[in-house]
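**Q** Before I ask anything, let me first share the structure, which is written out below as structure tokens.
The values are calculated or read from the model by the stated rules, or taken from the named source; none is laboratory data. A quick note: this is a predicted structure, and the numbers were derived from the prediction, not measured. Cβ sites come from the backbone with ideal geometry, for glycine too, and all protein chains shown count toward neighbours. Protein only, heavy atoms only, side chains kept; ligands, DNA and RNA dropped before computing areas. Shrake-Rupley method; radii C 1.70, N 1.55, O 1.52, S 1.80 Å.
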Amino acid sequence: MSLFRLVYVSDAVGDAGAGLLPLIDILGASDRNNRRDHLTGVLMRHEGRFFQAVEGARVDLDRLMARLRADRRHANIQILADIPITERLFPNWAMAQADPPPALWRLLGGALAEPRAAEEAERILADTSRVLTASV
């Protein structure tokens with residue numbers, strides 16, 4: 001089975017942008033759905049924006065993106081990367097949640113338009129994977 005990593009940012013709508021309970025709800029639903037669909041990944045939220053990486057089979061990622069585009073808690077979804085991968089960065093997490101590192105603040109604060117935004121996102125994800133793995 002071919003694996004892919006899809007990385008996107010979106011604007012969080014309403015309470016999803018800052019509220020703890022909406023974030024817990026999103027993480028719970030994502031965990032359940034991703035386990036069912038054999039997806040793994042991580043979600044970070046910073047100043048009203050979501051940054052998420054999801055890994056899995058193409059058909060499952062496409063189905064997820066259709067759900068996200070219909071989800072009223074997301075607006076302005078922007079795909080940063082959609083790449084084939086040989087292994088998952090987040091194999092142990094159907095949906096991990098991580099605190100956004102300062103490098104992500106900069107990326108979300110306006111660096112998304114820079115030519116190397118996708119590379120920077122991959123570095124952030126690799127660092128986050130190492131931190132999560134070390135904490136297990």
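**Q** Which of the residues belonging to the range 56-65 are within 15 Å of the chain's Cα centre (by Cα), open to solvent by less than 70 Å² (accessible area, probe 1.4 Å) and at negative phi?
**A** Answer for the range 56-65, where residues must be within 15 Å of the chain's Cα centre (by Cα), open to solvent by less than 70 Å² (accessible area, probe 1.4 Å) and at negative phi: 60, 61, 64, 65.
**Q** Go through (1) free of Cβ contacts under 8 Å to residues at least 24 places away in the same chain; (2) not in a helix (DSSP H, G or I) for residue 59 and report which single condition fails.
**A** Residue 59 satisfies all of (1) free of Cβ contacts under 8 Å to residues at least 24 places away in the same chain; (2) not in a helix (DSSP H, G or I) except (2).
**Q** Could you tell me how many of the residues in the range 15-29 are more than 21 Å from residue 124 (Cα to Cα), assigned to a helix (DSSP H, G or I) and open to solvent by 20 Å² or more (accessible area, probe 1.4 Å)?
**A** Residues meeting the conditions: 8.
**Q** Could you list, ordered by first residue, the pairs with Cβ atoms under 7 Å in which the first is in the range 84-107 and farther than 12 Å from residue 125 by Cα and the second is exposed (fewer than 15 other Cβ atoms within 10 Å of the Cβ) and not hydrophobic (A, V, I, L, M, F, W, C), at least 6 apart or interchain?
**A** 84/2; 94/35
**Q** Something else about it: Say whether the condition of being at pLDDT below 90 and under 18 Å from residue 49 (Cβ atoms) is met by at least one residue in the range 90-97.
**A** No - not one qualifying residue is present in the range 90-97.
**Q** Let me ask you something else. Among the residues of the range 78-136, what is the count of those that are in contact with a helix residue (DSSP H, G or I) (Cβ under 8 Å, 6 or more places away or on another chain), assigned to a loop (DSSP other than H, G, I, E, B) and among the aliphatic types (A, V, I, L, M)?
**A** Number of matching residues: 4.
**Q** Out of 42, 59, I need the residue that is β-branched (Val, Ile, Thr), over 26 Å from residue 135 (Cα atoms) and modelled with pLDDT of 90 or more. Which one?
**A** Just one listed residue meets the conditions, 59.
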